[in-house]
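The values are calculated or read from the model by the stated rules, or taken from the named source; none is laboratory data. Because the structure is a prediction, the values reported are computed rather than measured. Neighbour counts run over all protein chains shown; Cβ positions are idealised from the backbone, glycine included. Accessible surface areas use protein heavy atoms only, side chains included; no ligands, DNA or RNA. Shrake-Rupley method; radii C 1.70, N 1.55, O 1.52, S 1.80 Å.
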Amino acid sequence: VTKPPFFYPFAFPANVLFAWRTGLPIDRYDLLGPATLGSEIDLKLEGNAGRFFLEGWGAPITLEGGSAWWTASSPATLTLPLTLRADRPIRVEIESRARLVEPVRRPTITVVVNNRAIGSFAADPDKPSTVTISSPRDVWINGFNRVSFVSDDPFVPLAVHRISIRSE
């Protein structure tokens, strides 16, 4: 009874319709059902960002770069509500840092949007850094987009501070 998915049974049938339309788990209706689709998003990963997480995330933390969430496994996936212009490429900015482990490594992180890789970057363990990735518009849908951070082997946690998505 206490195992996921948790959902409010009195939200039926709206929660089932939401899950069917978006492809998201039924228990996300209460958290994401009222979300509005924006033409861009600038999400700081603070304590309340957890409602967008689907899998692979740890706990929120505060580092010298500000608030962040650690990835706990690979892939770490979140969903973002967007409705983007059809005629422009999309710019994704990610502010993150790798966990400082021995031996020091700069893990390669591949960013995957709706099951399509759009780019990779090497995460710096010394301080937060920002990477910008340009992707074609056809990777994105008007609705809830799944954005995943896939780490190379061996897995090194990534602290994600912010993700920003907008048309170029």
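List the residue pairs whose Cβ atoms are under 7 Å apart, where the first residue sits in the range 143-164 and is at positive phi, the second is basic (Lys, Arg) and open to solvent by 10 Å² or more (accessible area, probe 1.4 Å), and the two are 6 or more positions apart or on different chains.
none
Answer yes if at least one residue in the range 123-136 is part of a loop (DSSP other than H, G, I, E, B), open to solvent by less than 50 Å² (accessible area, probe 1.4 Å) and in contact (Cβ under 8 Å) with a residue 40 or more places away in the chain, and no otherwise.
Among the residues of the range 123-136, at least one is part of a loop (DSSP other than H, G, I, E, B), open to solvent by less than 50 Å² (accessible area, probe 1.4 Å) and in contact (Cβ under 8 Å) with a residue 40 or more places away in the chain, which makes the answer yes.
Identify the residue in the range 153-168 that is open to solvent by 50 Å² or more (accessible area, probe 1.4 Å) and over 14 Å from Ile41 (Cβ atoms) and, among all such residues, is modelled with the highest pLDDT. Steps first, answer last, please.
Just the residues of the range 153-168 that are open to solvent by 50 Å² or more (accessible area, probe 1.4 Å), to begin with: 153-155, 166, 168.
Filter once more, keeping what is over 14 Å from Ile41 (Cβ atoms): 153-155, 168.
Details: Asp153: 82, Pro154: 85, Phe155: 90, Glu168: 81.
It comes out as Phe155.
Considering the range 38-62 alone, what residues qualify as being open to solvent by less than 50 Å² (accessible area, probe 1.4 Å) and either more than 20 Å from Phe144 (Cβ to Cβ) or basic (Lys, Arg) (or both)? So that I can check it myself, show each step before the final result.
Just the residues of the range 38-62 that are open to solvent by less than 50 Å² (accessible area, probe 1.4 Å), to begin with: 38, 41, 43, 45, 49-50, 52-54, 56-58, 61.
Once the filter is applied, which keeps residues that are open to solvent by less than 50 Å² (accessible area, probe 1.4 Å) and either more than 20 Å from Phe144 (Cβ to Cβ) or basic (Lys, Arg) (or both), the range 38-62 yields Gly58, Ile61.
I'd like to check something: does the range 87-105 contain any residue that is more than 24 Å from Thr132 (Cα to Cα), assigned to a loop (DSSP other than H, G, I, E, B) and either modelled with pLDDT of 90 or more or among the acidic types (Asp, Glu) (or both)?
Keep residues of the range 87-105 that are more than 24 Å from Thr132 (Cα to Cα), which gives 101-103.
Adding the requirement that they be assigned to a loop (DSSP other than H, G, I, E, B) leaves 101-103.
Filter again for either modelled with pLDDT of 90 or more or among the acidic types (Asp, Glu) (or both), leaving 102.
Within the range 87-105, one or more residues are more than 24 Å from Thr132 (Cα to Cα), assigned to a loop (DSSP other than H, G, I, E, B) and either modelled with pLDDT of 90 or more or among the acidic types (Asp, Glu) (or both).
Where residues in the range 63-86 are part of a loop (DSSP other than H, G, I, E, B) and not hydroxyl-bearing (Ser, Thr, Tyr), which of them is surrounded by the most Cβ atoms within 10 Å (Cβ to Cβ)? Before the answer, list the steps.
Of all residues in the range 63-86, those part of a loop (DSSP other than H, G, I, E, B) come to 64-65, 72-75, 83-86.
From what is left, the residues that are not hydroxyl-bearing (Ser, Thr, Tyr) are 64-65, 72, 75, 84-86.
Working: Glu64: 7, Gly65: 15, Ala72: 14, Pro75: 17, Leu84: 21, Arg85: 13, Ala86: 10.
Among residues in the range 63-86 that are part of a loop (DSSP other than H, G, I, E, B) and not hydroxyl-bearing (Ser, Thr, Tyr), the one surrounded by the most Cβ atoms within 10 Å (Cβ to Cβ) is Leu84.
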